[in-house]
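Engineer: There's a structure below that I have some questions on.
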Amino acid sequence: MNDSKIFIGPAGWHYDDWRGVVYPAVKSKNFSELSFLTRYVNTVEINATFYHIPRPEQVQAWVRQSAAHPDFLFTVKAWQGFTHEPTAPAADRLDAFKRVLDVLQTSGRLGAVLIQYPWRFKRSAENWQRVQELALQLGGYGPMVEFRHQSWDEPSLRAALTDNRIGWVNVDQPVIGASIAPGDHVTASTGYARLHGRNYQNWFNDQAGRDQRYDYLYQQAELAEWAERIRSIARHTEKTFVIFNNHFRGQAAVNSLQLTAAVLNKKVAVPDSLLLHYPGLQEIADRSGSTAPLSLFD
(Lines give C-alpha, C1' and ligand atoms only; values in the text may rest on other atoms or scores of the structure.)
Protein backbone atom coordinates (compact mmCIF):
# COMPACT_ATOMS: atom_id res chain seq x y z
CA MET A 1 0.00 0.00 0.00
CA ASN A 2 1.22 3.54 -0.69
CA ASP A 3 0.99 6.47 1.70
CA SER A 4 -2.76 6.84 1.24
CA LYS A 5 -4.58 7.70 4.43
CA ILE A 6 -7.60 5.54 5.16
CA PHE A 7 -10.59 6.94 7.02
CA ILE A 8 -13.29 4.60 8.32
CA GLY A 9 -16.43 5.63 10.19
CA PRO A 10 -20.23 5.81 10.24
CA ALA A 11 -22.73 7.91 8.35
CA GLY A 12 -24.04 10.27 11.01
CA TRP A 13 -23.61 10.10 14.75
CA HIS A 14 -26.86 11.25 16.33
CA TYR A 15 -29.36 8.38 16.57
CA ASP A 16 -31.74 7.77 19.45
CA ASP A 17 -31.04 4.02 19.38
CA TRP A 18 -27.30 4.64 19.90
CA ARG A 19 -27.87 5.81 23.46
CA GLY A 20 -26.71 3.10 25.82
CA VAL A 21 -25.28 1.14 22.88
CA VAL A 22 -22.60 3.28 21.27
CA TYR A 23 -22.77 6.03 23.87
CA PRO A 24 -23.06 5.64 27.65
CA ALA A 25 -26.62 5.30 28.92
CA VAL A 26 -25.93 7.97 31.52
CA LYS A 27 -24.28 11.09 30.17
CA SER A 28 -22.83 14.14 31.83
CA LYS A 29 -24.46 17.50 31.20
CA ASN A 30 -21.80 18.55 28.69
CA PHE A 31 -21.48 15.18 26.97
CA SER A 32 -20.83 15.47 23.22
CA GLU A 33 -21.68 12.46 21.10
CA LEU A 34 -19.39 13.65 18.33
CA SER A 35 -16.45 14.25 20.67
CA PHE A 36 -16.96 10.78 22.14
CA LEU A 37 -17.02 9.16 18.71
CA THR A 38 -13.83 10.89 17.54
CA ARG A 39 -11.96 8.85 20.16
CA TYR A 40 -12.70 5.67 18.21
CA VAL A 41 -13.02 6.54 14.50
CA ASN A 42 -11.19 9.02 12.31
CA THR A 43 -14.09 10.18 10.15
CA VAL A 44 -17.85 10.57 10.04
CA GLU A 45 -20.07 11.44 7.15
CA ILE A 46 -22.30 14.40 7.98
CA ASN A 47 -25.69 13.22 6.76
CA ALA A 48 -27.81 15.88 8.47
CA THR A 49 -26.89 18.12 5.52
CA PHE A 50 -28.91 15.84 3.24
CA TYR A 51 -32.13 16.85 5.01
CA HIS A 52 -31.41 20.53 5.63
CA ILE A 53 -28.51 22.91 5.18
CA PRO A 54 -27.22 23.93 8.62
CA ARG A 55 -26.00 27.34 9.67
CA PRO A 56 -22.22 27.84 9.56
CA GLU A 57 -22.28 28.32 13.33
CA GLN A 58 -23.51 24.76 13.76
CA VAL A 59 -20.71 23.45 11.57
CA GLN A 60 -18.17 25.46 13.57
CA ALA A 61 -19.46 23.72 16.69
CA TRP A 62 -18.81 20.33 15.08
CA VAL A 63 -15.27 21.41 14.27
CA ARG A 64 -14.71 22.41 17.90
CA GLN A 65 -16.09 19.09 19.12
CA SER A 66 -13.50 17.23 17.05
CA ALA A 67 -10.61 19.50 18.09
CA ALA A 68 -8.89 16.87 20.26
CA HIS A 69 -8.13 14.80 17.15
CA PRO A 70 -6.47 16.98 14.50
CA ASP A 71 -6.36 14.19 11.90
CA PHE A 72 -10.13 13.66 12.07
CA LEU A 73 -11.97 14.52 8.83
CA PHE A 74 -15.60 15.00 7.90
CA THR A 75 -17.25 14.11 4.64
CA VAL A 76 -20.46 15.94 3.82
CA LYS A 77 -23.54 14.55 2.10
CA ALA A 78 -25.03 17.01 -0.38
CA TRP A 79 -28.50 18.38 0.25
CA GLN A 80 -31.27 16.27 -1.28
CA GLY A 81 -32.60 19.26 -3.22
CA PHE A 82 -29.55 18.98 -5.47
CA THR A 83 -29.92 15.27 -6.20
CA HIS A 84 -33.43 14.04 -5.54
CA GLU A 85 -35.59 16.74 -7.13
CA PRO A 86 -36.43 17.00 -10.85
CA THR A 87 -35.58 20.69 -11.12
CA ALA A 88 -32.50 22.61 -10.07
CA PRO A 89 -32.82 24.47 -6.76
CA ALA A 90 -32.43 28.20 -6.37
CA ALA A 91 -28.87 29.50 -6.48
CA ASP A 92 -29.05 30.65 -2.86
CA ARG A 93 -29.32 27.02 -1.73
CA LEU A 94 -26.02 26.16 -3.40
CA ASP A 95 -24.41 29.23 -1.85
CA ALA A 96 -25.68 28.20 1.58
CA PHE A 97 -24.31 24.69 1.13
CA LYS A 98 -20.94 26.03 0.03
CA ARG A 99 -20.75 28.09 3.21
CA VAL A 100 -21.02 24.83 5.16
CA LEU A 101 -18.19 23.33 3.13
CA ASP A 102 -16.10 26.48 3.49
CA VAL A 103 -16.17 26.22 7.28
CA LEU A 104 -14.80 22.68 7.13
CA GLN A 105 -12.31 23.40 4.38
CA THR A 106 -10.92 26.48 6.14
CA SER A 107 -10.47 24.48 9.34
CA GLY A 108 -8.70 21.66 7.47
CA ARG A 109 -11.50 19.22 8.32
CA LEU A 110 -13.12 18.60 4.94
CA GLY A 111 -12.42 15.22 3.40
CA ALA A 112 -14.87 15.17 0.49
CA VAL A 113 -18.43 16.02 -0.49
CA LEU A 114 -20.77 13.14 -1.29
CA ILE A 115 -23.28 13.57 -4.10
CA GLN A 116 -25.69 10.64 -3.83
CA TYR A 117 -28.29 9.97 -6.47
CA PRO A 118 -31.24 7.63 -5.88
CA TRP A 119 -31.71 4.27 -7.59
CA ARG A 120 -34.34 5.78 -9.89
CA PHE A 121 -31.73 8.20 -11.31
CA LYS A 122 -30.70 6.30 -14.44
CA ARG A 123 -28.03 7.07 -16.97
CA SER A 124 -29.08 9.43 -19.76
CA ALA A 125 -27.56 12.41 -21.54
CA GLU A 126 -29.75 14.76 -19.53
CA ASN A 127 -28.87 13.17 -16.19
CA TRP A 128 -25.17 13.08 -17.02
CA GLN A 129 -25.36 16.80 -17.72
CA ARG A 130 -26.92 17.32 -14.30
CA VAL A 131 -24.13 15.33 -12.66
CA GLN A 132 -21.45 17.34 -14.43
CA GLU A 133 -23.02 20.69 -13.61
CA LEU A 134 -23.36 19.98 -9.89
CA ALA A 135 -19.91 18.41 -9.62
CA LEU A 136 -18.39 21.40 -11.41
CA GLN A 137 -20.07 23.78 -8.96
CA LEU A 138 -18.63 21.74 -6.09
CA GLY A 139 -15.33 21.06 -7.82
CA GLY A 140 -13.18 22.78 -5.21
CA TYR A 141 -14.48 20.54 -2.42
CA GLY A 142 -13.63 17.06 -3.71
CA PRO A 143 -16.92 15.87 -5.25
CA MET A 144 -17.64 12.14 -5.02
CA VAL A 145 -20.66 10.74 -6.86
CA GLU A 146 -22.69 7.75 -5.71
CA PHE A 147 -24.85 6.03 -8.29
CA ARG A 148 -27.04 3.11 -7.31
CA HIS A 149 -28.48 2.11 -10.68
CA GLN A 150 -26.49 -0.32 -12.82
CA SER A 151 -26.84 1.80 -15.95
CA TRP A 152 -24.00 4.00 -14.67
CA ASP A 153 -21.66 1.08 -14.02
CA GLU A 154 -19.62 1.36 -17.22
CA PRO A 155 -15.89 1.89 -17.85
CA SER A 156 -16.67 4.72 -20.28
CA LEU A 157 -18.60 6.56 -17.58
CA ARG A 158 -15.77 6.16 -15.10
CA ALA A 159 -13.34 7.45 -17.73
CA ALA A 160 -15.53 10.54 -18.09
CA LEU A 161 -15.52 10.98 -14.31
CA THR A 162 -11.74 10.79 -14.34
CA ASP A 163 -11.55 13.42 -17.09
CA ASN A 164 -13.79 15.70 -15.02
CA ARG A 165 -11.96 14.98 -11.73
CA ILE A 166 -15.09 13.53 -10.16
CA GLY A 167 -14.73 10.67 -7.70
CA TRP A 168 -16.62 7.37 -7.98
CA VAL A 169 -18.27 6.00 -4.85
CA ASN A 170 -18.11 2.23 -4.52
CA VAL A 171 -21.40 0.93 -3.14
CA ASP A 172 -22.33 -2.09 -1.06
CA GLN A 173 -26.09 -2.57 -1.18
CA PRO A 174 -28.51 -5.44 -1.78
CA VAL A 175 -27.86 -6.36 -5.41
CA ILE A 176 -31.43 -6.61 -6.60
CA GLY A 177 -32.27 -6.22 -10.28
CA ALA A 178 -30.38 -3.32 -11.85
CA SER A 179 -28.42 -2.39 -8.73
CA ILE A 180 -24.69 -1.69 -8.74
CA ALA A 181 -22.57 -4.39 -7.12
CA PRO A 182 -19.53 -3.76 -4.88
CA GLY A 183 -16.29 -2.72 -6.57
CA ASP A 184 -12.93 -1.05 -6.03
CA HIS A 185 -13.00 1.66 -8.68
CA VAL A 186 -11.01 4.90 -8.50
CA THR A 187 -11.57 7.96 -10.69
CA ALA A 188 -9.97 10.73 -8.60
CA SER A 189 -7.25 11.27 -6.02
CA THR A 190 -9.75 10.37 -3.29
CA GLY A 191 -11.31 6.93 -2.93
CA TYR A 192 -14.73 6.39 -1.39
CA ALA A 193 -16.92 3.44 -0.40
CA ARG A 194 -20.34 3.42 1.26
CA LEU A 195 -21.69 0.25 2.85
CA HIS A 196 -25.45 0.30 3.33
CA GLY A 197 -25.94 -3.26 4.53
CA ARG A 198 -27.44 -6.22 2.71
CA ASN A 199 -30.97 -6.35 4.03
CA TYR A 200 -32.55 -7.86 0.94
CA GLN A 201 -35.94 -8.28 2.59
CA ASN A 202 -36.52 -4.61 3.31
CA TRP A 203 -34.32 -2.68 0.87
CA PHE A 204 -37.05 -2.08 -1.69
CA ASN A 205 -39.94 -2.68 0.71
CA ASP A 206 -42.16 0.41 0.65
CA GLN A 207 -43.63 -0.59 4.01
CA ALA A 208 -40.23 -0.73 5.72
CA GLY A 209 -38.97 2.24 7.68
CA ARG A 210 -35.47 3.68 7.56
CA ASP A 211 -34.25 1.61 10.49
CA GLN A 212 -35.55 -1.60 8.94
CA ARG A 213 -33.87 -0.96 5.60
CA TYR A 214 -30.47 -0.38 7.21
CA ASP A 215 -30.73 -3.11 9.83
CA TYR A 216 -27.75 -5.28 8.94
CA LEU A 217 -24.50 -6.32 10.57
CA TYR A 218 -21.68 -7.27 8.21
CA GLN A 219 -19.97 -10.54 9.07
CA GLN A 220 -16.22 -11.08 9.21
CA ALA A 221 -16.00 -12.76 5.80
CA GLU A 222 -17.83 -9.84 4.19
CA LEU A 223 -15.56 -7.34 5.93
CA ALA A 224 -12.48 -9.30 4.84
CA GLU A 225 -13.57 -8.85 1.23
CA TRP A 226 -13.91 -5.13 1.82
CA ALA A 227 -10.53 -4.91 3.51
CA GLU A 228 -8.99 -6.20 0.29
CA ARG A 229 -10.98 -3.72 -1.80
CA ILE A 230 -9.91 -0.85 0.45
CA ARG A 231 -6.26 -1.82 0.13
CA SER A 232 -6.70 -1.88 -3.64
CA ILE A 233 -8.35 1.56 -3.66
CA ALA A 234 -5.72 3.01 -1.35
CA ARG A 235 -2.93 1.98 -3.71
CA HIS A 236 -4.26 4.53 -6.21
CA THR A 237 -5.41 7.40 -3.98
CA GLU A 238 -4.12 10.04 -1.61
CA LYS A 239 -6.91 9.33 0.87
CA THR A 240 -9.73 6.81 1.06
CA PHE A 241 -13.03 7.05 2.93
CA VAL A 242 -15.12 4.07 3.99
CA ILE A 243 -18.52 4.95 5.40
CA PHE A 244 -20.93 2.50 7.03
CA ASN A 245 -24.59 3.47 6.69
CA ASN A 246 -26.06 0.43 8.49
CA HIS A 247 -26.68 2.67 11.47
CA PHE A 248 -29.46 0.81 13.31
CA ARG A 249 -28.51 -0.06 16.92
CA GLY A 250 -24.93 1.05 16.39
CA GLN A 251 -24.10 -1.58 13.77
CA ALA A 252 -22.28 1.04 11.68
CA ALA A 253 -19.98 1.74 14.62
CA VAL A 254 -19.39 -1.98 15.17
CA ASN A 255 -18.45 -2.61 11.56
CA SER A 256 -16.32 0.55 11.39
CA LEU A 257 -14.17 -0.75 14.24
CA GLN A 258 -14.04 -4.27 12.82
CA LEU A 259 -12.94 -3.07 9.39
CA THR A 260 -10.37 -0.74 10.95
CA ALA A 261 -8.91 -3.70 12.85
CA ALA A 262 -8.89 -5.80 9.68
CA VAL A 263 -7.14 -3.13 7.60
CA LEU A 264 -4.59 -2.43 10.35
CA ASN A 265 -4.28 -6.04 11.45
CA LYS A 266 -4.27 -4.69 15.02
CA LYS A 267 -6.65 -4.41 17.93
CA VAL A 268 -8.50 -1.12 18.37
CA ALA A 269 -10.14 0.84 21.15
CA VAL A 270 -13.82 -0.06 21.64
CA PRO A 271 -16.40 1.81 23.77
CA ASP A 272 -17.41 -0.16 26.85
CA SER A 273 -21.12 0.15 26.08
CA LEU A 274 -20.66 -1.13 22.54
CA LEU A 275 -18.59 -4.06 23.78
CA LEU A 276 -21.38 -4.97 26.18
CA HIS A 277 -23.99 -5.12 23.41
CA TYR A 278 -21.71 -6.72 20.83
CA PRO A 279 -19.45 -9.13 22.75
CA GLY A 280 -17.96 -10.38 19.49
CA LEU A 281 -15.89 -7.18 19.54
CA GLN A 282 -13.76 -8.77 22.26
CA GLU A 283 -11.70 -10.32 19.47
CA ILE A 284 -10.51 -6.91 18.24
CA ALA A 285 -10.75 -4.82 21.41
CA ASP A 286 -7.61 -3.21 22.79
CA ARG A 287 -8.27 -3.30 26.54
CA SER A 288 -4.93 -1.83 27.56
CA GLY A 289 -6.69 1.05 29.29
CA SER A 290 -6.08 3.69 26.66
CA THR A 291 -9.13 5.37 25.16
CA ALA A 292 -7.19 6.63 22.15
CA PRO A 293 -7.84 4.70 18.94
CA LEU A 294 -5.08 3.13 16.94
CA SER A 295 -4.23 5.40 14.03
CA LEU A 296 -4.99 4.46 10.46
CA PHE A 297 -2.03 6.63 9.54
CA ASP A 298 0.65 4.46 11.20
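Engineer: State all residues of region 245-298 that are within 18 Å of E222 (Cβ to Cβ), modelled with pLDDT of 95 or more and among the polar types (S, T, N, Q); if no residue qualifies, say none.
Structural biologist: N245, N246, Q251, N255, S256, Q258, T260
Engineer: May I ask you to verify whether Y278 is in contact with a Gly (Cβ under 7 Å, 6 or more places away or on another chain) and more than 16 Å from I8 (Cα to Cα)? Can you show your working first?
Structural biologist: On the way: in contact with a Gly (Cβ under 7 Å, 6 or more places away or on another chain): no; more than 16 Å from I8 (Cα to Cα): yes.
Spelling it out, it is not the case that Y278 is in contact with a Gly (Cβ under 7 Å, 6 or more places away or on another chain) and more than 16 Å from I8 (Cα to Cα).
Engineer: Starting from region 165-181, take each residue that is more than 24 Å from L138 (Cα to Cα) and list its partners that are surrounded by 14 or more Cβ atoms within 10 Å (Cβ to Cβ) and of a type in the set (V, I, T), counting only C-beta distances under 7 angstrom and pairs at least six apart or across chains.
Structural biologist: I180/V171; A181/V175
Engineer: Inside region 98-110, can you point out the residues that are touching a helix residue (DSSP H, G or I) at 6+ places or on another chain (Cβ under 7 Å) and either of a type in the set (A, V, I, L, M) or within 14 Å of L138 (Cα to Cα) (or both)? Before you say what the answer is, go through the steps one by one.
Structural biologist: Here is the first cut: in region 98-110, the residues touching a helix residue (DSSP H, G or I) at 6+ places or on another chain (Cβ under 7 Å) are 99-101, 103-105, 107, 109-110.
Within region 98-110, R99, V100, L101, V103, L104, Q105, L110 qualify.
Engineer: Could I ask something else about it? What pairs can you find where one residue is in region 193-211 and under 16 Å from W119 (Cα atoms), the other is at pLDDT below 90, and their Cβ atoms are less than 8 Å apart, with a gap of 6+ or different chains?
Structural biologist: Qualifying pairs under 8 Å: N202/A208.
Engineer: Which numbered condition trips up N47, out of (1) farther than 23 Å from H247 by Cα; (2) out of contact with any helix residue (DSSP H, G or I) (no Cβ under 6 Å at 6 or more places or on another chain)?
Structural biologist: Unmet for N47, out of (1) farther than 23 Å from H247 by Cα; (2) out of contact with any helix residue (DSSP H, G or I) (no Cβ under 6 Å at 6 or more places or on another chain): (1).
Engineer: Moving to a separate point now. Here's a check for you: in region 85-98, which residue that is loosely packed, with under 14 Cβ neighbours inside 10 Å and farther than 21 Å from F121 by Cα is nearest to the chain's Cα centre (by Cα)?
Structural biologist: D95
Engineer: Would you point out the residue of region 1-36, among those that are under 23 Å from A234 (Cβ atoms) and touching a strand residue (DSSP E or B) at 6+ places or on another chain (Cβ under 7 Å), that is modelled with the lowest pLDDT?
Structural biologist: Quick first cut of region 1-36, residues under 23 Å from A234 (Cβ atoms) only: 1-11.
Next, only the ones that are touching a strand residue (DSSP E or B) at 6+ places or on another chain (Cβ under 7 Å) stay: 4-11.
Values: S4: 61, K5: 95, I6: 98, F7: 98, I8: 99, G9: 99, P10: 99, A11: 98.
Per the stated criteria, the residue is S4.
Engineer: Quick one: what pairs do we get from region 77-91, first residue closer than 15 Å to Q132 by Cα, second at pLDDT below 95, C-beta under 9 Å, 6+ apart or different chains?
Structural biologist: Here the result reads F82/A88; F82/P89, each pair linking region 77-91 to a residue that is at pLDDT below 95.
Engineer: Within region 173-216, count every residue that is surrounded by 14 or more Cβ atoms within 10 Å (Cβ to Cβ), of a type in the set (A, V, I, L, M) and at pLDDT 95 or above.
Structural biologist: Number of matching residues: 6.
Engineer: Right, next: Do we find that G20 is under 30 Å from L276 (Cβ atoms), crowded, with 17+ Cβ neighbours inside 10 Å and of a type in the set (G, A, S) in this structure? Walk me through it before giving the result.
Structural biologist: Numbers: under 30 Å from L276 (Cβ atoms): yes; crowded, with 17+ Cβ neighbours inside 10 Å: no; of a type in the set (G, A, S): yes.
So G20 does not fit the description; no.
Engineer: Name the one entry in V242, V263, V254, V270 that is assigned to a strand (DSSP E or B) and either hydrophobic (A, V, I, L, M, F, W, C) or surrounded by fewer than 20 Cβ atoms within 10 Å (Cβ to Cβ) (or both). Give the derivation first.
Structural biologist: Numbers: V263 fails: assigned to a strand (DSSP E or B); V254 fails: assigned to a strand (DSSP E or B); V270 fails: assigned to a strand (DSSP E or B).
Result: V242 is the single residue among V242, V263, V254, V270 that is assigned to a strand (DSSP E or B) and either hydrophobic (A, V, I, L, M, F, W, C) or surrounded by fewer than 20 Cβ atoms within 10 Å (Cβ to Cβ) (or both).
Engineer: Name the helices (runs of 4 or more DSSP H) wholly inside region 1-98 in which the number of residues that are under 26 Å from G167 (Cβ atoms) is 3 or more.
Structural biologist: Working: elements: 33-37, 48-51, 56-65, 80-83.
Counting at least 3 such residues, we get 48-51, 56-65, 80-83.
Engineer: Here is a follow-up. Looking only at region 243-290, count every residue that is in contact with a helix residue (DSSP H, G or I) (Cβ under 6 Å, 6 or more places away or on another chain) and β-branched (V, I, T) and tell me the total.
Structural biologist: Adding up the residues that qualify gives 4.
The values are calculated or read from the model by the stated rules, or taken from the named source; none is laboratory data. It should be emphasised that the depicted structure is a prediction, and the values quoted were computed from it without experimental measurement. Here the Cβ is made from the backbone with ideal geometry for all residues, glycine too, and neighbour counts use every protein chain on show.
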